[in-house]
Amino acid sequence: MTDMTATTGPVSLETSYNPNWKRLGKWMGIAMLALIYFPLLWLVLLSISSDPLSGIPGAFSLRHYQALFASSDWHMPFVASIVIGLIVGLVSAVTATVIGREVPRMASPGPMLLVFVLPLFVPGMSMGAALFIFSQSVLGLDLGFWSIAVGHYVWALPFALLIVLVVTLRFDHTLIEAGRDLGASDWRVFKDIEFPILMPGIVSAGLFGFLMSFNEVMRTIFLRGTSETMPVWNWVQAAAQQSQVPIIFALSSLVLLVTLPLLSAMFWLLFVRLNRT
Amino acid sequence: MKDMHSEPMLEVSNVVHKYGRVTALSDVSLSAAKGEFLTILGSSGSGKTTMLRVISGLETPYSVNRLRIGGEDVVGLPAAKRNCTTVFQNYALFPHMNVIENVAYGLRIRGRTAQDSTAEAKRALEMVQLGAKADRSIGQLSGGERQRVALARAVVTRPAILLLDEPLGALDERLRQDMQLELMELQRKLGMTFIYITHSQEEALTMSDRVVLMKHGRIEQSGAPLDLFDRPVTRFAADFMGYENILDGKLLRKDGEIGEVELVGGAVVRGTLATSDIQPGGAINLAIRAERIGPVAADEDGLDATLSNRVYRGKYTDMMVETKAGTLRLRSWHGAPNEKGAISRVGWKLSDAVIFPEHKG
């Protein structure tokens, strides 16, 4: 007890910056990526296995794809999803652009943006139920195609707006003055200067709107009436008829192969191409 | 000397402009002749940029009596329809177009064919020595190169007036000096009227045929660069043009251009009157540049002085001396004989001390 000073040797208790954190971070990242992508890969592998319900890939065949293309049950839901997705994508891109162009001119856009983004955190169930009542009693829509489209639009617009804001907030308004100064009419300034510069954000907003709509289930359940979109159809099939499940594997794999490139294209447009200009 | 009596290229009279309750321009009138290099000089908030924007049409003035470009009345005419172009402070190049597309844009807007406008744009780029970089994207250019592209883009349509909004502000010292010479060269070659905005007295003096000094939305003084440099008529002008010593006093006697002044502290000295409208007895300021003051013999005109501080600043040495009229600053170039010598009395040439009326407030 008399020799207190001897105990204070080199202290290695710098826990916050211990080098093991770096190692842990790296391996945890890899593990999480595996958790995300392995099931997807597994799904694709099972879709080309002859007995997917066993859960183990093997004895590969394309027979479920043949069954999928032979069946026409999924055609209507698929077309409905595509058409609703296109409408939602287009309308959200246009409205997000119109709104997003004005935001930089606002004195304090913060509160308004918060209100716009809030729906992202409203539980899909609440939103679905609310829209269920709204579209029937206020808009007077029969539940079906158009009520689904309205629900998807409400869901997709905040995302589209956020994406458009990436480009509108960094758009330099002196470019518009430069265009006018060089003799361009307002329409030419928009067409030649502003639109091409905002274009990556607008296209991305449209793509994202399409994807948000294409993948939506929760709100659709409330708003669909008797209509079916593809995710709903998939889900109903998976829940009800065991024999149909293999086809769903094939269909989900196809959807995945379409969705991933679309998402990649969006990110490329938004971040790679935009940074080049 | 250029002919300043022909039909003016730019005529502005009595512009008033307000941003909300802030008056940016109060009753400013201005004119520029064909081929004149006119500089509007002023600190930030002086209204110089507003003036430029009013001329270009990017700002609609609160009221204006007369606004003519090349003899044509442009009041109410939008920027796109005015025969003038602007070189913006941040260049405002179109990032999604390459160099040649940027330069050709004004020509394309005027309905010229792609081939024709590209050829013309190429000539303009060669004029600013960027012919080799026509196909580069804007992001690949240095600040100085962007500056040249902005210049080429603005002159390619042959406007009557070129408006330049502090175009050299973002460049480093060396490049700025090179660009000053190039701008003068370009202006002479094109014979175009340049209206140039800057806060740098050095740029204004180097390039201009005429300088307009602005303060708080009014014209403080205008004239040839040398007039402003040697004969400021107000304390603000003297201060802005770099006069280090501005002393208070009153005028005792006038003898033609020469005035005799009693400075605060009682010393009597002489200098040159900047204007004739000062009467003996009136409060005045006497302004002298630090490098125009030097040690003199005991029997010469001047002030007794004792050296209080000496600061070596590289190219020159600054010395502070105490006199009856207060502290004066002297500057001697490195290597000059009085750089290290003792000082007991300081004086100046009569033409180097400027006397102008003191304005209160």
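Every number here is computed from the coordinates shown, using simple stated rules; none is lab data. These numbers come from a predicted model, not from an experiment. Glycine also receives a Cβ, built like all others from the backbone with ideal geometry; neighbour counts cover every protein chain displayed.
Among B:Val149, B:Leu171, B:Thr193, which residue has its Cα furthest toward the positive end of the charge dipole of chain B, with +1 on Lys/Arg Cβ and -1 on Asp/Glu Cβ?
So the residue we want is B:Val149.
With the contact rule set at Cα under 8 Å and sequence spacing of 6 or more, what percent relative contact order holds for chain A?
Here the relative contact order equals 27 percent.
Roughly what percent of Cα-Cα pairs across the protein assembly as shown reach past 31 Å?
Looking at the protein assembly as shown, the distances longer than 31 Å represent 69 percent of pairs.
Which value, in debye to the nearest 20, describes the size of the charge dipole of the stretch A:131-277 about its Cα centre when Lys and Arg Cβ atoms bear +1, Asp and Glu Cβ atoms bear -1, and nothing else is charged?
220
Using R₀ = 30 Å, calculate the FRET efficiency as 1/(1 + (r/R₀)^6) where r is the Cβ-Cβ separation of B:Ala119 and B:Glu185; round to 0.05.
Efficiency computed from Cβ-Cβ geometry: 0.85.
Restricting the count to DSSP beta bridges whose residues both fall in the protein assembly as shown, what percent are antiparallel, rounded to a multiple of 5?
In the protein assembly as shown, DSSP labels about 75 percent of beta bridges as antiparallel.
Using Cβ contacts closer than 10 Å as the measure, can you line up B:Trp348, B:Trp333 from fewest to most?
The most exposed by this proxy come first: B:Trp333, B:Trp348.
If you place +1 on the Cβ of every Lys and Arg and -1 on the Cβ of every Asp and Glu, how big does the dipole about the Cα centre of the protein assembly as shown come out, in debye to the nearest 20?
Dipole of the protein assembly as shown, to the nearest 20 debye: 860 debye.
Applying the Karplus parametrisation 6.51 cos²θ - 1.76 cosθ + 1.60 with θ = phi - 60° to the phi angles of the stretch B:82-96, what ³J(HN,Hα) value in whole Hz is obtained for each residue in order, glycine and proline being reported as x?
These are the phi-based 3J(HN,Hα) values: 8, 7, 8, 10, 10, 9, 7, 4, 9, 6, 6, 6, 7, x, 8 Hz.
So for the protein assembly as shown, taking the charge dipole from beta-carbon charges (+1 Lys/Arg, -1 Asp/Glu), which of B:Ala267, B:Met97, B:Ala204 sits furthest toward the positive end?
Comparing the listed Cα positions along the dipole, B:Met97 ranks first.
Would you calculate a helix-derived [θ] at 222 nm for chain A, using -39,500 (n - 2.57) for each DSSP H run of n ≥ 4 and dividing by the full residue count, to the nearest 500?
-21500 deg cm²/dmol
Which whole-angstrom value gives the distance between the alpha carbon centres of the stretch B:262-326 and the stretch A:170-215?
Their Cα centres are 61 Å away from one another.
From the Cα gyration tensor of the stretch B:205-340, with a ≥ b ≥ c the square roots of its eigenvalues, which class applies: rounded if a/c is under 1.5, or else prolate if a/b is larger than b/c, or else oblate?
oblate
Between the stretch B:118-146 and the stretch A:52-71, what's the alpha-carbon centroid distance in Å?
For the stretch B:118-146 versus the stretch A:52-71, the Cα centre distance is 60 Å.
Could you give the radius of gyration (one decimal) and Dmax (whole number) of the Cα atoms in chain B, in Å?
Spelled out, the Cα radius of gyration and Dmax of chain B are 24.1, 77 Å.
Using only DSSP helix segments of four residues or longer, with each worth -39500 (n - 2.57), what per-residue ellipticity at 222 nm results for chain B after dividing by its residue count and rounding to 500?
-7000 deg cm²/dmol
I'd like the distance between the alpha-carbon centres of the stretch B:1-70 and the stretch A:109-128, rounded to an integer number of Å.
Comparing the Cα centres of the stretch B:1-70 and the stretch A:109-128, I get a distance of 49 Å.
For the pair B:Lys315 and A:Asp172, how long in nm is the line joining their label points, each one 7 Å along Cα→Cβ?
3.1
What ranking do A:Trp27, A:Trp268 get, fewest neighbouring Cβ atoms within 10 angstrom at the top?
A:Trp27, A:Trp268
Rounding to the nearest 20 debye, state how big the charge dipole of chain A is about its Cα centre with +1 on each Lys and Arg Cβ and -1 on each Asp and Glu Cβ.
I would put it at about 300 debye.
B:Tyr316's amide H: which non-local residues (gap 5+, or another chain) put their own amide H closer than 5 Å, with H modeled 1.01 Å from N in plane and none for Pro or chain starts?
Those lying under 5 Å, H to H, from B:Tyr316 are B:His334.
For the stretch A:21-82, what class follows from the C-alpha gyration tensor (a ≥ b ≥ c being the square roots of its eigenvalues): rounded when a/c is under 1.5, otherwise prolate if a/b is larger than b/c, else oblate?
Oblate, since a/c reaches 1.5 and b/c is not below a/b.
Say the cut-off is 30 Å between C-alpha atoms; which of B:Lys34/B:Lys349; B:Lys18/B:Lys189; B:Lys48/B:Lys81; B:Lys81/B:Lys189; B:Lys34/B:Lys133 go over it?
B:Lys34/B:Lys349; B:Lys18/B:Lys189; B:Lys34/B:Lys133
Put +1 on the Cβ of every Lys and Arg and -1 on every Asp and Glu Cβ in the protein assembly as shown; which of A:Met230, A:Trp21, B:Met9 then has its Cα farthest towards the positive end of the dipole?
In the protein assembly as shown, that residue is A:Met230.
Ranked highest first by the average count of other Cβ atoms within 10 Å around their residues, in what order do B:315-324, B:86-95 fall?
Top to bottom by mean Cβ count within 10 Å: B:86-95, B:315-324.
Please report, largest first and rounded to whole Å, the three semi-axes of the ellipsoid equivalent to the stretch B:66-214, where each semi-axis is the square root of five times an eigenvalue of the C-alpha gyration tensor.
23, 21, 13
What is chain A by shape, rounded, prolate or oblate, if you read a ≥ b ≥ c off the alpha carbon gyration tensor as root eigenvalues and call it rounded for a/c under 1.5, prolate for a/b larger than b/c, and oblate otherwise?
In terms of gyration-tensor shape, oblate.
Counting other beta carbons within 10 Å of each Cβ, put B:Tyr196, B:Tyr62, A:Tyr37, B:Tyr243 in order, fewest first.
A:Tyr37, B:Tyr62, B:Tyr243, B:Tyr196
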